[in-house]
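Okay, so here's the structure we're looking at.
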Amino acid sequence: MIEIIELKKRLNGQLVLKGVNLRIEDRELVAIIGRSGTGKSVLIKHLIGLFKPDSGSIIIDGMDIVRFSTRQLCKIRERFGVVFQGGALFDSMSIYDNIAFPLRERLRLSEKEIEDRVSRALDDVGLLGHEHKFPAELSGGMKKRAALARALVTEPSIVLFDEPTTGLDPITLNAIFRLIKKTHRKYNFTGIIVSHDIPEIFYIVDKVAMLEDGKIVEYGTAEQIQHSSHPVVRQFITGATEGPIEATAL
Amino acid sequence: MNPLEKLGAKAVGLLRSMGDMFIFLITALFYIFVPPFKFRVLLKQIRFFGNKSLVVIVLTGAFTGMVLGLQVFYTLRKFGSEALLGPAVALSLVRELGPVLSALMVTGRAGSALTAEIGIMKITEQIDAILAMALNPIRYLIVPNIVAAIVVFPLLGAVFNLVGIYSGYIVGVKILGLSKGTYFSQIENFLGMEDIKIGFIKSVFFGLIVSWVCCWKGYTAEYGAEGVSKATTQAVVLSSVLILVSDYIIGTFYL
Ligand SMILES: Nc1ncnc2c1ncn2[C@@H]1O[C@H](COP(=O)(O)OP(=O)(O)OP(=O)(O)O)[C@@H](O)[C@H]1O
Ligand SMILES: [Mg+2]
């Protein structure tokens, strides 16, 4: 179980997270939605200790990782798989080496076992045959899938997806969501997906949390969120420019 | 904030970043000796430094040697001691100009590229990705570069010296008419192991400084393309200044 309690973080003098509370059960798939710049990526990075909060706790299986030493953090990170917002594939390595990297460096596996697992991961995301390309030679959707394969290849028990579908066409988008759902069924990880893709995201997750102004303003099943009476949530999922959230595009 | 507070805050900020920079170096130096070693990455980085810089080293070495040949010949002639052209060129190259100029050239050529590369890895979250895999980015990105620079800088310095001495010979002997035997035999008489050792020590030091500064600036680049370009400029300027300052300091130890 992951429990985030009163998490606060100031960045560059601006209070980004103003007391986030969120509780995620084991093997649940949870979506975090919210406007650009509300701190979704910052929140995700707190879960693996890339940011230290100013106050609050993050309890993972009964341990507060905020108080962890570097060594303990390293230990807990082994249980995570992370898909970063931009993919974060290593430019200097082929797709094969990208996916093999965590296996080679962390697990003592033979090159044969590594090959097996990488092939399986490539197959899972439909990238077999592209493994010798470099990230620069892939399309946006292929990059996202490669990042997905790299995050899942170590069979993590918790997977964080930071906007795995943003900027993709509707068909690729649905393919990736289906892929996440499929691998979730297969590997049974606890998953957190940051996404703007409404309503598609509602169809694959168990619960949805909406982050607005540094706090979780609504948390419930996709059904509950879609019928929420909270004005901020209503405005967000309908995309109306009129409402409690000020549209500041210009 | 009043001006005094501002100044204080700036000073504290500067001290803190200097402290972080030292901790970064010490961590990297520590991991040099902790297995498993990344030989493949190390070889790749040695090639990176060498490949990028060799042409420019040969070119600047040649012209430095030629200019030295010309100017030193002119000066020595005033005292009637043109015969000492060889050792004068060789000593100034081996003890001073070889290590310093080659280090400055590598900084401009490979050091800046290194900062940009690591900076881009930083802003595209590739460094975060390594951390998220429960691995240590210093070990994968920084250690191989520091070791590679310590290996490559003396080699490139040596190339610079050889090319420079030979170019001085061309100018002094072929163009200005000094005897061939004098140029080289006098070098043998005056250039000692001690001089070569100083040049070598300087090169190793410069390699350490340049790789440290360039890695650090990339590693702490701020977000956006602007952040990387700023980091690159700062890395080159700071490396160059530190090369010249430490050159003087090392020089005072070995007079
Ligand atoms: N490393 C950082 N240093 C300083 N400020 C940061 C850093 N990362 C993010 N921020 C700030 O924190 C705020 C939240 O950023 P974040 O990237 O979490 O937004 P987001 O919700 O993920 O947005 P998007 O949907 O566009 O990805 C922004 O104001 C951003 O400027
Ligand atoms: Mg984000």
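The values are calculated or read from the model by the stated rules, or taken from the named source; none is laboratory data. Model, not experiment: these values are computed from the prediction. Virtual Cβ from ideal backbone geometry, glycine too; neighbours counted across all protein chains shown. Side chains included, ligands, DNA and RNA excluded: accessible areas come from the protein's heavy atoms. Shrake-Rupley method; radii C 1.70, N 1.55, O 1.52, S 1.80 Å.
May I have the convex hull volume per residue, in Å³, for the Cα set of region A:31-117? It would help to have the intermediate numbers written out before the result.
Values: hull volume 13.1 nm³, N = 87.
Measuring per residue, one finds 151 Å³ for the Cα hull of region A:31-117.
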Let a ≥ b ≥ c be the square roots of the eigenvalues of the Cα gyration tensor of region A:101-250; is it rounded (a/c under 1.5), or, if not, prolate (a/b larger than b/c) or oblate? prolate
Please compute, over every Cα-Cα pair in region B:38-250, the percentage with a separation greater than 26 angstrom. 41
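Mind checking which helices in chain B clear 15 Å along their axis (Cα) and have mean Kyte-Doolittle hydropathy of -1.0 or more, DSSP H runs only?
Working: long enough: B:3-32 (44 Å, 1.11); B:39-78 (54 Å, 0.93); B:112-123 (16 Å, 1.12); B:143-169 (40 Å, 1.71); B:180-190 (16 Å, -0.68); B:193-219 (39 Å, 0.93); B:225-253 (42 Å, 1.11).
Within chain B the helices that satisfy the rule are B:3-32, B:39-78, B:112-123, B:143-169, B:180-190, B:193-219, B:225-253.
Which FRET efficiency value, to the nearest 0.05, do you get for B:Thr233 and A:Thr221 by plugging their Cβ-Cβ distance into 1/(1 + (r/R0)^6) with R0 = 51 Å?
It comes out at approximately 0.45.
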In terms of the ratio Rg/(2.2 N^0.38 Å) built on C-alpha atoms, what value belongs to the protein assembly as shown? 1.24
Mind checking which lysines have their Cα closer than 30 Å to the Cα of B:Lys10? Skip sequence neighbours fewer than 8 apart in that chain. A:Lys8, A:Lys9, A:Lys18, A:Lys45, A:Lys52, B:Lys122, B:Lys217, B:Lys230
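What per residue convex hull volume, in Å³, comes out for region B:74-115 when only alpha-carbon positions are used? List each step's numbers first, then the result.
Values: hull volume 2.7 nm³, N = 42.
About 64 Å³ per residue, rounded to a whole number.
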Normalise the Debye intensity by I(0) for region B:1-153, one equal point scatterer per Cα, no solvent, then take log10 at q = 0.20 Å⁻¹ and round to two decimals. -1.23
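Shape call for region A:32-191 from the C-alpha gyration tensor, a ≥ b ≥ c root eigenvalues: rounded (a/c under 1.5), prolate (a/b greater than b/c) or oblate? All intermediate terms of the calculation are to be shown ahead of the outcome.
Working: a/c = 1.84, a/b = 1.28, b/c = 1.43.
It comes out oblate by the Cα gyration axes.
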For region B:83-126 and region A:187-250, distance of Cα centres in Å: 54
Report the residue, chosen from B:Ser17, B:Ser179, B:Ser203, that carries the largest GNM mean-square fluctuation when chain B is represented by alpha-carbon nodes joined by springs under 10 Å. B:Ser17
The Cα radius of gyration of region B:1-67, divided by 2.2 N^0.38 Å with N its residue count, comes to 1.93
Tally the DSSP beta bridges in the protein assembly as shown and give the antiparallel ones as a percent, rounded to 5. 55
Relative to the longest principal Cα axis of chain A, at what angle does helix A:140-152 sit, 0 to 90 degrees, rounded to 10? 80
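If you roll a 1.4 angstrom probe over the protein chains with everything in place, what fraction of the accessible area of the protein assembly as shown belongs to carbon and sulfur, to the nearest %? Please list the in-between numbers first.
Values: 14950 of 24400 Å².
Reported share for carbon and sulfur atoms: 61 percent.
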Within the set B:Val204, B:Val173, B:Val147, GNM on chain B using Cα springs under 10 Å gives the largest fluctuation to B:Val173
Counting only the heavy atoms of the protein chains, how much of B:Asp247 is accessible to a 1.4 Å probe, in Å² to the nearest 10? 20
Give me the percent relative contact order of chain A, please, defined on Cα pairs under 8 angstrom at least 6 residues apart. 25
Pairing the Cα long axis of helix A:170-187 with the longest principal axis of chain A, what angle in degrees results, from 0 to 90 and rounded to the nearest 10? 70
Could you tell me the distance between the Cα centroids of region B:137-179 and region B:232-255, to the nearest Å? 17
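From the P(r) of region A:152-212, can you give the percent of Cα pairs sitting at distances over 17 Å? Write down the numbers at each step before the final one.
Values: 653 of 1830 pairs.
Value for region A:152-212: 36 percent of Cα pairs lie more than 17 Å apart.
Let me have the 222 nm mean residue ellipticity of chain B computed from DSSP H runs of 4+ only, each contributing -39500 (n - 2.57), with the sum over all residues rounded to the nearest 500. Walk me through the intermediate numbers first.
Values: 10 runs with 200 residues, N = 255.
That comes out to -27000 deg cm²/dmol.
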